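**Student:** One structure, pasted below without further comment.
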Amino acid sequence: MASISLEEDGERGCMWDLDQKLDQPMDEEAGRLRNMYKEKKFSSLLLLRLSFQSLGVVFGDLGTSPLYVFYNTFPRGISDPEDVIGALSLIIYSLTLVPLLKYVFVVLRANDNGQGGTFALYSLLCRHAKINTIPNQRKTDEEVTTYSRQTYGENSLASKVKSWLEAHTYKRNVILILVLIGTCMAIGDGILTPAISVLSASGGIKVNHPETNKDVVIVVAVIILVGLFSVQHYGTDKVGWLFAPIVLLWFLLIGVIGAVNIWKYDSSILKAFNPVYIVRYFKGGHRNWTSLGGIMLSITGTETLFADLCHFPVLSVQIAFTLVVFPCLLLAYSGQAAYIMQHQDHVFNAFYRSIPDSIYWPMFIVATAAAIIASQATISATFSIIKQALALGCFPRVKVVHTSKKFLGQIYIPDINWILLVLCIAVTAGFENQSQIGNAYGTAVVLVMLVTTLLMIPVMLLVWRSHWILIFLFTALSLLVELTYFSAVLFKVNQGGWVPLVVAAAFLLIMFVWHYGTVKRYEFEMHSKVSLAWIIGLGPSLGLVRVPGIGFVYTELASGVPHIFSHLITNLPAIHSVVIFVCVKYLPVYTVPMEERFIVKRIGPKNFHMFRCVARYGYNDLHRRDDDFEKMLFDTISTYVRLEAMMEGYTDSEDFTFDPQRNVKSVDLVADNDVADSIVELANNPSLDSIISAQSLHQGEISIRSSDEYDFLNRCKDAGVVHILGNTIVMARRDSGLVKKIVVDYIYAFLWRICRENSVMLNLPHESLLNVGQIFYV
């Protein structure tokens, strides 16, 4: 949407600001659009269909846990048969408290218009409190239809919490670090899930053929992993329809086999539903306490469930979990426990041993397919997390490929894909046994859950405005379970649990250093921006020769004239006839509608021919290769100029006539009645804000008479377009400490050299680029 504004700068001169509202819907309609996702109604049949489809996307990771839980719970065998009942009781109530009650019925409601995960929670908080560490948001950003937020009473608890969070910078940094820790652990999950799932599924070969060497199983798992990661660039569009039937078949098979095993081996195992056996289990001492790390694997995949929510309605996920996933998992674990009670020496391969011989190999194939689907879901979630981190300035710029024309969320990041593959193979082949991978997996999962619990507290306070008693109950129950498991996995750090900690530490260092450099760059531009009075004092020629052409000057600033421009005009003898300052920024929303993407303002008097264009994106939006960013910018400026000329020509209501039947022939405007009425209102009251959809102009719905400046713009475009980017080198001051010098001069400098350039991310033509170098000392 081309937003037009006529703004008066406080220093000197005036800047046109006809801000954003010519085609803006009524307040009721705007409210409906903002709550479109929440209010969307689904028929019963469609809801069931979406519930079925969610099985293949959301529940794969959680559903494959029965492959390895009992093996990791009793890696040294079973000393007391009652321990099996106690372990099963813990599994039952862990599944009830964490996936069912906490995530499916509470946390999933904290989605950001259908987007889940740690960064979705962070974006919700950023909209409701000023905790964004890069303060580049403007009041107009809150008018985006996807930018929903709550308002609070002055003395309410939410208002006090909001003020407390905004009071000091260190609180914002603590929240950011917490989000980054959760994100890094989720990336570790993306490494460990494929490793343990595929390796556990491949282990079925050795169970049926005991003479098979262990190395053969590892080789098969590595081959599957290489194949899985090698086809990521194709996306899942063509095979995605297979995921839901396979996962549904998997759940039905493990549920039926579990029910048969309960009936066949030991139905008394059902007494594990009595929680008293949990107390008895803990009386078993240190050994049983440390085995909690294995039991916790029964709820792995729960965080992926939230991160992979996509655009499935929460109700459809709730239906799928309560009607299919939850009962089938309970039957599967109970059936394995019943089998183990009669065959305690088979605990290491309980899943495959408990399968009837007649369906062993079909079950092996389904298990392997389910493991691949679970891995695919986790890999896709990792790509999505990296994309969100990149958009919020917390990750170096990497290549993001859109793999689907139908679904916005399906992306592929080549660099991350191959890093995940290498680390997956290292974990699969490097550990001596599967138990060590399980220990590592448990450490990553429990830390992500703890981060989610801590972030849910301000979300419940600020976004939901829940009563403090409900918040206390949710937090207490969540921490009771998660801290118990966390204490257990601490004993496993030296037995494989160190892997996700090392991986997370590496990614945390990268993300924090990159964000630190991004913030410092923004602060440099803010503090060194040029006074508008100085620009106006140079006169229309800016003290230089104005040569035909358009110069797009890219900056981090959404207001003011960047330092790069003064650096440019003091070192060059000429500047373009038209100068447009372009700011590309990301809002804490999942997407910005295309018709609301651009804001345009004029800088200085009209004969200066200087504009500012702010391009706004959400963290899920992509710069596609087929998007002509240069054309989009020019069309937006053209729309602004033509509308401005029209407003100047028809400020007198007597000279402006409107006839709905004639479609405003007198001003060469073809528009629907709502748009035309808005124009009439604006003409009668020029002080009103105005907005018009640039998309409508592109589609030819509105045709505005050309102006002299519009013709001038076209001539300048034909003369040539240059994209001017700042190439600021950040260096530590000489008197800086050793740590700061290492962080800035080596780590950040290295990341800056290897990341993709802004021009590549925006798909700007290489032949029309001009880099302006400068050095900034921090």
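**Student:** Could you run the Karplus curve 6.51 cos²θ - 1.76 cosθ + 1.60 with θ = phi - 60° over the stretch 129-143 and give me ³J(HN,Hα) per residue in whole Hz, x for Gly and Pro?
**Tutor:** 8, 7, 10, 5, 6, 10, x, 10, 8, 10, 4, 5, 5, 6, 8
**Student:** So what is the accessible area of the stretch 496-608 per residue, in Å², with the probe set to 1.4 Å?
**Tutor:** 33 Å²
**Student:** Moving on. Quick one: what do you get for the stretch 127-197 if you divide its Cα Rg by 2.2 N^0.38 Å?
**Tutor:** Against the compact-globule rule of thumb, the ratio is 1.51.
**Student:** Limiting things to C-alpha atoms, what are the Rg and the maximum Cα-Cα separation (Dmax) for the stretch 238-388, in angstroms?
**Tutor:** Rg then Dmax for the stretch 238-388, in Å: 17.3, 52.
**Student:** What number comes out for the charge environment of Val463, summing +1 per Lys or Arg and -1 per Asp or Glu over other residues with Cβ under 9 Å away?
**Tutor:** +3
**Student:** Right, here's the next one. Search the structure for amide H atoms under 5 Å from the amide H of Arg546, placed 1.01 Å from N in the peptide plane, and list their residues when 5 or more places away or on another chain.
**Tutor:** Under 5 Å from the amide H of Arg546: Ile575.
**Student:** Calculate log10 I(q)/I(0) of the stretch 200-306 for q = 0.15 Å⁻¹, where I(q) comes from the Debye formula with a single equal point scatterer on each Cα and nothing for solvent.
**Tutor:** Result of the Debye calculation: -1.15.
**Student:** Another question, if that's okay. Under the rule of at least 5 residues apart or a separate chain, name every residue whose amide H is placed under 5 Å from the amide H of Phe581.
**Tutor:** Val553, Phe611, Arg612, Cys613
**Student:** Please sort by residue number the trypsin sites (Lys or Arg not before Pro) in the stretch 163-235 whose DSSP state is loop and whose Cβ has at most 10 other Cβ atoms within 10 Å.
**Tutor:** Answer in residue order: no site qualifies.
**Student:** Between Met731 and residues 5 or more places away or on another chain, which pairs have amide H atoms under 5 Å apart, with H built 1.01 Å from N, and which residues are they?
**Tutor:** Phe776, Tyr777, Val778
**Student:** Further, regarding this structure: Whenever you get a sec, compute what percent of the accessible area on the stretch 249-351 sits on carbon and sulfur atoms (1.4 Å probe).
**Tutor:** Taking all protein chains in place, the stretch 249-351 shows 67 percent carbon and sulfur surface.
**Student:** Further question on the same structure: How large is the convex hull of the Cα atoms of the stretch 59-131 per residue, expressed in Å³ as a whole number?
**Tutor:** Hull volume over Cα atoms, normalised by residue count, gives 122 Å³.
**Student:** Report the Cα centroid-to-centroid distance between the stretch 720-777 and the stretch 395-467 in angstrom, as an integer.
**Tutor:** 28 Å
**Student:** While we're here: What is the diffusion coefficient of the stretch 281-356 in µm²/s, taking the Kirkwood radius over Cα pairs and the Stokes-Einstein relation at 37 °C with a viscosity of 0.692 mPa s?
**Tutor:** 220 µm²/s
**Student:** Could I ask something else about it? In whole Å and largest first, what semi-axes does the C-alpha gyration tensor of the stretch 71-228 yield when each eigenvalue is scaled by 5 and square-rooted?
**Tutor:** 46, 22, 14
**Student:** Mind grabbing the base-10 log of I(q)/I(0) for the stretch 328-427 at q = 0.10, 0.20, 0.23 Å⁻¹? Debye formula, identical points on the C-alpha positions, no solvent, two decimal places.
**Tutor:** Normalising to I(0) and taking log10 leaves -0.49, -1.01, -1.20.
The values are calculated or read from the model by the stated rules, or taken from the named source; none is laboratory data. In this text, all values refer to a predicted model and were calculated from it rather than measured experimentally. Cβ coordinates were reconstructed from backbone atoms using ideal geometry, including for glycine residues, and neighbour counts include every protein chain displayed. All accessible areas refer to the heavy atoms of the entire protein, side chains included, with ligands and DNA or RNA removed. Shrake-Rupley method; radii C 1.70, N 1.55, O 1.52, S 1.80 Å.
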